[in-house]
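Heads up, the thing below is written out as structure tokens.
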Amino acid sequence: MANGKLKSQSQGDGAEGPDGGWGWVLVVAMFVSTSLVFGLMRGLGIFFVEFVQYFEESAQAISWISSIGLAAQQFFSLLGAALCNAYNTRLVVMTGGFLSGLGLILASQATCLVHLYLSMGVLSGLGWGLVFTPMVATVMASFTRRRALAVGLGFSSIGLSSFAFNPLFQLLVETYTWRGALLILGGLSLNIMACGALIRPDLRFALIEELSRNGEFFSSYLEVSLLCERPYLTYALGVTLLNFGYFVPYFHLVAHSRQVGFSEYRAAFIMSAAGITDIFGRIASGWFSDLGRFRVVHLLTLWTALAGVFIMLLPVSSLTRSYTVMIVISLLYGFCSGALTSMVFAVVPMIMGVERMMGGLGLLQLIESCAGLLGTPLSGWLRDMTGNYTASFVVAGSFVLLGSLTMTTLPHYFSCAEPPPPQRPVLVDNSETLNLELRQDGCSPEFNHQTERTVETKSNQTDQRGTEPD
Amino acid sequence: MIYSADRNCGSNTDAIGSGQLSSNEHQERPPHRSKYLHLSKDLMRKFLYFIHKCQCHVCFYSGDNKIENVELLNPVNLSLECIWTGNQNKQPNITGYWRKGGVEIQDSRVPVDPENQQYTLKRVFNIVSEEHLGNYTCVFENEAELDFILAVPQIGERREKPIVSYVGDFVVLTCKMEDNKPVPRTWNWFKNNGTDKEQLFEAQRYDITVNGRSAKLKVKDVSEADSGVYHCAAVYNISTSTSKMHLKVITIWEPLKPFLSILVEVVILVTAILIYERSHSKKKEAEGTNACFFSLF
């Protein structure tokens, strides 16, 4: 990316041009596939309870299943991006869909925990990793003016599906037990193949070809030089700490609610409530930061701190044994969780500069995948030690808070204006197409259009200052 | 109010005494609380409220909610007492009697004279075995009634929905007596066989684990014949308390049906999309437009 130059193609020459037509079909494909990846992952809390009962294993041992899946998704995102360049995006997404479905189908036949680790964890995680990033990149590449809307629409599926899937999964588990439910979910995941089929085979990302020609594949691609920079390291540390605690509610809140005494569907709806406000949090935080009153880093630390507080309040609110209180806290938590994922990605170009973003994000995702891997089992272990989830959630919330505090140590945090990014973005003739890059989300599995807007604004500014053209 | 009597409840429990109790005072407990004596949180405001004196084998109980639940473990002489504060009519005398299971108990009719503006009806019942349990009602004729339901501690959680399992898999049925209820002497498991209940014993396919308040029945290698209604029974000296659950055994074909239909739907969608695209691109080639080709960076 550091060496590449961005060429633009004149667009809008017909019905097949970006910003319309087939692009909206791809948005639908992204909607469906993202819901089947992240909505599904967020519904795994229902299965957690069933596994604990069936296998009679500790909470910690069961937690590894979902955390391996999550970490694999983050880890293999990089692979997915690379494969898109080497091969056809369509092929990669369809393979990813097939693998994720296969993993769940095999999981339905599991007789011991290791089977679940390998099938539901590694195999499905690999599939999810191959699906998500290419799908997002495809949608982004198909739009220019309406990109933010398209991607935002695609991401709204996460909150919606999290809302719908929790009670649905509970119903499936009650009718068919977890084995049958996983089998059916595996079938549902195969629909990602249909989403992948919608990607036109002629869409290609030529980035890797350029880089490998220059022979600087690994060092550029992964932007290892970033490891020597303090802002990047601080940010990576903050995001890693965040990752330790961020997923714990998705995997353990249902079990905690059941333990407190709520029935199966009530517990599922507590989780759904978080999903619903997730959508609003995303949109509201994007809109609010667009107002420009506050710096993005400040907003990020605000939402992250609030999310940490609400995670800690979850077990406290259950002490009241009041369903309403739990729902309210869950709604608030969902809102902050969605809001923070919006901001987490928006901060990225300020930390590493736009041209190093892809490699930097890849590296970031590698680093944070270990937190995703360890966070939930740690929470499960705490539950095994203490007998309930209070300690788990408090620790998870404090990790999120710690991440927030770490962000405050970013350089120039306390200044009111945005500092200049580490490296000046490479100039282009068309500011809009600067955003046509292969992006990966590194900070969290969710992606947000916020970055593009920020990048657009930045390149507009540099344009106006009249630096040298491409 | 839930209250149960115990052989050892004797010496230490004193009557709390009578008096008008407001709702704030209902947390008071007797000085030495017998293990099985506990009070419910709701309390009547208007009426007198005694907590009884417990002497060996005789326990007193009275109250004024419309229905009172009395939990018993052991045979006991139970004294039930109803107090009614009367109404504006202030009748000089009233007839009171007792009913069991809706039927008036013979020779239970007595005239009741008001004392300090209250009418009291009291009777001692000899509760020895299961047939003595049931619904007892004290009646102030044409004026007021109070029900006492005498029963063994009931198993709290009842699973309404059937437990599902697959042919060849194992399934564990659990029954648990709540922590605030006394520990059963033992547990038994039964399965409905036609109209009869057949007791299950530890066998090759059945594993029974009893752990004080909880009991588990593990059925291994289930088959469709294992479907049906199962009962767990908590055995107390006086009677047993049962809870039933429904086991449903299904074959893999059950979830396979929706799975295969989803599979068919995916195949149809993918083929349709690919076919559409092939025909569409052939059309495009015929028209001579270029495919979109974005090269990034």
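Scanning the stretch B:119-166 for residues that are under 25 Å from the mean Cα position of the chain (by Cα), within 14 Å of chain A (Cβ to nearest Cβ) and surrounded by 14 or more Cβ atoms within 10 Å (Cβ to Cβ) yields B:162, B:163, B:164, B:165. For the stretch A:248-285, the set of residues classified as buried (at least 24 other Cβ atoms within 10 Å of the Cβ) and assigned to a loop (DSSP other than H, G, I, E, B) is empty.
Taken over the stretch A:142-192, the criterion of being surrounded by 21 or more Cβ atoms within 10 Å (Cβ to Cβ), out of contact with any Asp or Glu (no Cβ under 9 Å at 6 or more places or on another chain), within 30 Å of residue A:346 (Cα to Cα) and aliphatic (A, V, I, L, M) is satisfied by A:192 alone.
Applying a threshold of 8 Å to beta carbon distances and a minimum spacing of six or more residues, or different chains, the list of pairs starting in the stretch B:153-168 at a residue that is free of Cβ contacts under 8 Å to residues at least 40 places away in the same chain and of a type outside the set (S, T, N, Q) and ending at one that is surrounded by 13 or more Cβ atoms within 10 Å (Cβ to Cβ) and assigned to a loop (DSSP other than H, G, I, E, B) reads B:156/B:177; B:156/B:181. The criterion of at least 2 residues that are at pLDDT 90 or above is met by the following strands (runs of 3 or more DSSP E) wholly inside the stretch B:185-250: B:186-193, B:206-211, B:214-219, B:228-235, B:240-250. In this structure, residue A:344 does not satisfy being in a helix (DSSP H, G or I) and either modelled with pLDDT of 85 or more or out of contact with any helix residue (DSSP H, G or I) (no Cβ under 8 Å at 6 or more places or on another chain) (or both). Among the residues making up the stretch A:28-56, a single one is at pLDDT below 90 and more than 21 Å from residue A:167 (Cα to Cα): A:56. Do we find a residue being at pLDDT 90 or above, in contact with a Ser or Thr (Cβ under 6 Å, 6 or more places away or on another chain) and either not in a helix (DSSP H, G or I) or not β-branched (Val, Ile, Thr) (or both) anywhere in the stretch A:230-237? Yes. Only one entry of A:137, A:194, A:181 meets the criterion of being within 14 Å of chain B (Cβ to nearest Cβ), of a type outside the set (D, E, K, R) and closer than 19 Å to residue B:269 by Cβ, and that entry is A:194. Looking only at residues of the stretch A:114-138 that are open to solvent by less than 20 Å² (accessible area, probe 1.4 Å) and over 15 Å from the mean Cα position of the chain (by Cα), we find that the one that is nearest to residue A:196 (Cα to Cα) is A:138. Hey, could you check the stretch A:276-300 for residues that are among the charged types (D, E, K, R) and over 17 Å from residue A:348 (Cα atoms) and say which is farthest from the chain's Cα centre (by Cα)? Looking at residues that are among the charged types (D, E, K, R) and over 17 Å from residue A:348 (Cα atoms), I get A:293.
Scan the stretch A:286-296 residue by residue and report those that are charged (D, E, K, R) and not in a loop (DSSP other than H, G, I, E, B).
Matches in the stretch A:286-296: A:290 only.
Picking from residues in the stretch B:270-290 that are more than 60 Å from the chain's Cα centre (by Cα) and open to solvent by less than 60 Å² (accessible area, probe 1.4 Å), the one that is modelled with the highest pLDDT is B:277. The residues listed here are B:207, B:221; of these, the one that is over 30 Å from residue B:76 (Cβ atoms), open to solvent by 60 Å² or more (accessible area, probe 1.4 Å) and within 14 Å of another protein chain (Cβ to nearest Cβ) is B:221. For the stretch A:102-113, the set of residues classified as open to solvent by 10 Å² or more (accessible area, probe 1.4 Å), part of a helix (DSSP H, G or I) and closer than 23 Å to residue A:191 by Cβ consists of A:102, A:105, A:106, listed by residue number.
The values are calculated or read from the model by the stated rules, or taken from the named source; none is laboratory data. None of the values given here were measured: they were computed from a predicted structure. Cβ coordinates were reconstructed from backbone atoms using ideal geometry, including for glycine residues, and neighbour counts include every protein chain displayed. Surface areas here come from the heavy atoms of the whole protein model, side chains and all, with no ligands, DNA or RNA. Shrake-Rupley method; radii C 1.70, N 1.55, O 1.52, S 1.80 Å.
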